[in-house]
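Data block below; observations after.
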Amino acid sequence: MNIVSTMVGLSIMGAAAPSMMTMSIAPFEAQKRAQNLGAAESAAVTYAAKNEGADTLSAWPNGCTVASNGSAHTISCSHGENAYEQTVQRSFRTAVPPTEGNNTPPGRTFDYPAPTLGFTSTYCHTSEY
């Protein structure tokens, strides 16, 4: 009886070993991906914050590329190798032309007039006080 239960136990372990191996290394793979994501995120966020509202773009970090569309830019940073490579993107704007009165850029017209005091982007209606 002991030899039969030993053989059954060994055959079950032989069939289950590959999935157990995958489960045992999964936390280490997740940790490596998280470290690479943190490095890529740090590079992208730092660059975007440094160049937000600037007149010109500075040199971007290693492993990063910048795509531009007028004054709007997107930085894409990657870190890691093979299956552990993580990529992030952050968008930002450089300096925009100065505005005229009522926050209207030169040469732009709108169908409706700009709100007057009492209703703007930072104040509520005067009836809501």
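Rounded to the nearest 20, the size of the Cβ-charge dipole of region 2-98 about its Cα centre is 80 debye, with Lys and Arg at +1 and Asp and Glu at -1.
In plain terms, the chain from SER11 to SER58 could stretch by 10.7 nm, reckoned as 0.36 nm per residue minus the Cα-Cα distance.
Extension gain, VAL66 to THR46, is 5.9 nm, computed as 0.36 nm per intervening residue step minus the present C-alpha separation. Using the Cα gyration tensor of region 2-98, with a ≥ b ≥ c the square roots of its eigenvalues, what is the shape: rounded (a/c below 1.5), prolate (a/b larger than b/c) or oblate (neither)? The shape class here is prolate.
Length available on full extension from ASN2 to TYR84: 0.36 nm per residue minus the Cα-Cα distance, which gives 25.0 nm.
Read-outs: derived from the displayed coordinates by stated rules, not from any lab. Computed from a prediction, not measured in an experiment: that's the story for all the values here. Please note: Cβ atoms are built from the backbone with ideal geometry, for glycine as well, and neighbour counts cover all protein chains shown.
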